[in-house]
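Report on one structure; see the data block that follows.
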Amino acid sequence: MKYGIRDYRGGGRSSARETAARVAAGAIAKLFLKQHGIEIFAHVSGVGEIESPNVDTADLKNLLEIRESNIVRCADPATANEMISFIEKIRKNGDTVGGRISTIIRGVPAGLGEPVFDKLHAELGKAMLSINAVHGFEYGSGFEGSKMRGSEHNDIFTTENGKVVTKTNFSGGIQGGISNGMDITFKVAFKPVATIMRDQTTLNQQGEETTISGKGRHDPCVVPRAVIIVEAMVALVIADYLLKQKAYLV
């Protein structure tokens with residue numbers, strides 16, 4: 001309806017191949033951020049009803065090694081094995097499943113972001129929701145925070161080794177749309193792939209009921225492939241804000 005073109009094969013801007021350029025640009029942005037001591041780490045923390053326990057993020061390099069040691073890119077080995085078995089079962093049934101990716105950004109200085117229309121978390125959310133198959137974004141305490149009281153949710157400021165920190169991090173490293181120097185944390189939710197290896201009813205070009213069946217190679221779960229895309233988009237957003245901040249200080 002939008003473009004006047006009916007291409008039943010899909011693809012194009014709807015294909016995950018579209019993200020290749022983002023990953024390439026993100027790799028360059030990561031090198032820039034590394035010069036400023038900023039690290040980004042993402043991993044598959046959930047597939048279907050399977051949820052990984054919170055992993056120890058003290059050593060991101062070690063977590064990266066664990067993540068890359070399994071095909072689902074989960075930083076918890078036991079959960080990774082469970083996910084692999086579950087996805088294989090889904091594939092054999094000709095179906096697909098969605099999942100979640102958890103991300104941490106470490107070393108971001110306080111002060112990145114704008115207080116109204118260009119809030120840091122808003123731009124991160126926009127970047128994540130621009131990725132194919134993403135259906136949800138939450139940062140910090142996310143939706144769970146809506147169940148808490150202010151006395152529980154408030155991040156209390158204190159000093160640690162002469163540095164201002166917060167005792168908790170329910171705000172996910174962003175307050176009032178601006179980074180506060182703590183780790184920035186968020187989750188991204190991906191829907192199941194629409195193309196399944198089962199017959200489904202649909203409509204043809206004439207509006208008549210017909211049957212459609214998926215063919216070719218299609219992932220039963222795209223979430224493991226999306227980890228590096230998430231990291232790339234994060235790198236681009238943070239690099240943009242870091243350059244903006246540098247411009248302010250000139």
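Rule-based calculations on the coordinates, nothing more; no lab input. Since the structure is predicted, the reported quantities are computational estimates derived from the model, not experimental observations. Virtual Cβ from ideal backbone geometry, glycine too; neighbours counted across all protein chains shown.
Computed per residue of the chain from DSSP H runs no shorter than four, each worth -39500 (n - 2.57), the mean residue ellipticity at 222 nm is -10000 deg cm²/dmol. Cβ crowding within 10 Å ranks H36, H121, H153 as H36, H153, H121, fewest other Cβ atoms first. The HN-Hα couplings worked out from phi for the stretch 217-223 by the Karplus form 6.51 cos²θ - 1.76 cosθ + 1.60 (θ = phi - 60°) are 9, 9, 5, x, 8, 8, 4 Hz, whole numbers, x standing for Gly and Pro. Of the cross-linked pairs K92/K191; K89/K147; K61/K167, those separated by over 30 Å at the C-alpha level are K89/K147.
Enter the mean projected area of the convex hull around the alpha-carbon atoms of the stretch 135-231, in nm², rounded to one decimal. Over every viewing direction, the Cα hull of the stretch 135-231 projects on average to 10.8 nm².
Rounded to the nearest 10 degrees, the angle from helix 77-92 to the longest Cα principal axis of the chain is 20 degrees. By the rule of a C-alpha distance below 22 Å, with chain neighbours fewer than 8 residues away ignored, the lysines paired with K244 are K30, K34, K119, K126. When only Cα pairs below 8 angstrom with a gap of at least 6 residues are kept, the stretch 149-250 shows a relative contact order of 13 percent. Contact order for the chain, expressed relative to its length and based on alpha carbon pairs under 8 Å spaced 6+ residues apart, stands at 27 percent.
Legend: ranking of residues D219, D199 from fewest to most surrounding C-beta atoms inside 10 Å; resulting order D199, D219.
Distance from the C-alpha centroid of the stretch 207-233 to that of the stretch 13-80: 19 Å, rounded to the whole angstrom.
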